[in-house]
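Colleague: I am attaching a structure below and will ask some questions about it afterwards.
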Amino acid sequence: MTPKGNPHAGTSRLDAQRRRTDLDDLAAAPRIDLLVIGGGVTGAGVALDAASRGLRTVLVESRDLAFGTSRWSSKLVHGGLRYLATGRIGVARESAIERGVLMTRTAPHLTRAMPQLVPLLPDLLNAGQVALIRAGFHAGDVLRRSAGTPGSLLPRVRRIDAARTRRLVPGVRTDGLRGALVAHDGQLVDDVRLVVALARTAAQYGATVLTRVRAEEVTGTSARLVDTLTGERLDLRASAVINATGVWADQVDASIKLRPSRGTHLLVDAAALGHPTAALTVPVPGSVSRFVFALPQQLGRVAIGLTDEDAPGPVPDEPQPSDDEVTFLLDTVNAALATTLTRADLRGAYAGLRPLIDTGGGSTADISREHAVLESPNGVITVVGGKLTTYRRMAQDAVDTAVRLRGLPGRACWTARLPLIGAPGHRDSRPVEASALPASLLARHGGLAHEVLGAGELESIAEGLDVTRAEIVYAVTHEGALDASDVLDRRTRLGLVREDADRARAAVEEIVGELVEEIRPA
């Protein structure tokens, strides 16, 4: 079921030409069912949910898809183990259910099972802590079963010996090592790839997806849209408006009170930990529910994170880690490593802000990760809180609220069984001989690898980087990238390590410049 009146319904392709045509079409017919403000994982999820119900939907993002918090995650699709430890059973179960949806139906091509390994080292854990962690892991396995996720996808908890521990994480300390406890969780190849897939699938169902378009003078039934590339403005009328701007939600809806929390990650070469294939999980001293993870990532890196720090004041475009956070992460992970990591080993670092609802005093670590759907006095519907894993449920609740409050037409939500583009069950997915292309390309694009193959050469964009020239072209011709930053910082994530971005920049700028020249203002 797709909305009437969108000539592009049926195609997932996002490019400069479609953007220009969509803006012209919207100016000619500025009355829609639903306006979604914000192009992160929640906003893109809302747009897909609404469009797949048959609602005429417009998503506007003032910068680029996944510009904010959605690109700064741990890339984990987690089952809520931490929330079990603090008694938040409802949040934990919701996480486990949504993890299963992502890994089995929505985006199995972008996810994989990630072993989480807690090394049994005498000065790291005492017997009581080991018992608590084991009990928590088993409780997480109960959640997995209750959510219907098969053990063949996420294996059950087990204890392994020291030799197997070293094979999974070669960089682990060996003195006194008595093996490890291993549980499994989900991991995304990349968080931005999920957001782009959501936006493109929404576009395929008829949603209008517009980046570099700012919403001003927002009410519950209208907004003035400003094309930040040209300065053009248009007044839009909508039956409902959903604010999904995350940490910027209070700038759209002044009735919302947020308390952002900063989560920081450090990036090191995978070689520094011996190219681990499991996530090293190190308990934070003095806590029974917090851990620091060393998580294998794409592009040959390991991300070490994360923190949970108050982040008051104006919201920056790109939050920065503090010196104290860097020290904390290194000190914690080094307790489990054979070779000490120092600041000289860091290849990059990033920080994101969690859009937590302000509930008063206390630590941000104690604030609920439950999401909320709220109606402001002027009628704007805001969805806020939550986390990446539960984006689909957040979107469903937001659209359900809009349908109920505004009497919108449309079928019931069915995104729990709707595969995203690239997923095995999607109609445009095609099998490709794995040996015919880089494994990294297949991991990032799944069943759309055949389209990427047709976009350009499989030559690396720069020596030593596993991103191909074809992927750069495809980012512009199919994924809505409008400039080199969109490509480097979001579609490929080369921008996470400045050295990588600098090596690729000239070639990326040349390709992007040729492909998007026609949308530049005179």
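Coordinate-derived values only; no laboratory data. All values derive from a computational prediction rather than experimental measurement. No Cβ is skipped: glycine too gets one built from the backbone with ideal geometry, and neighbour counts run over all protein chains shown.
Colleague: Can you classify region 434-519 as rounded, prolate or oblate using the Cα gyration tensor, where a ≥ b ≥ c are the square roots of its eigenvalues, rounded means a/c under 1.5, and otherwise it's prolate if a/b beats b/c and oblate if not?
Modeller: Oblate, because a/c is 1.5 or more while a/b does not exceed b/c.
Colleague: While we're here: HN-Hα J couplings of region 124-133 from phi, Karplus 6.51/-1.76/1.60, θ = phi - 60°, integer Hz, Gly and Pro as x?
Modeller: Once θ is set to phi - 60°, the couplings for region 124-133 become 9, 9, 8, 4, x, 5, 4, 5, 5, 5 Hz.
Colleague: Something else now. Given 0.36 nm per residue, what is the gain on full extension from Arg164 to Ala271 after removing their alpha carbon distance, in nm?
Modeller: Gain on stretching Arg164 to Ala271: 36.7 nm.
Colleague: Additional query: Quick check on the chain: of the DSSP beta bridges with both residues there, what percent are antiparallel, nearest 5%?
Modeller: 75 percent
Colleague: While we're on this one: Starting with the fewest neighbours, write out Val512, Val399, Val118 ranked by other beta-carbon atoms found within 10 Å of each beta-carbon.
Modeller: The most exposed by this proxy come first: Val512, Val118, Val399.
Colleague: Another question, if that's okay. Full-extension gain between Ala29 and Glu463, please, as 0.36 nm times their residue separation minus the C-alpha to C-alpha distance. Mind dumping the intermediate values first?
Modeller: Working: separation 434, 0.36 × 434 = 156.24 nm, distance 4.83 nm.
Full extension from Ala29 to Glu463 adds 151.4 nm.
Colleague: Quick one: length gained pulling Thr174 to Ser255 fully straight, 0.36 nm per residue minus the C-alpha distance?
Modeller: Details: separation 81, 0.36 × 81 = 29.16 nm, distance 5.38 nm.
Gain on extension, Thr174 to Ser255, equals 23.8 nm.
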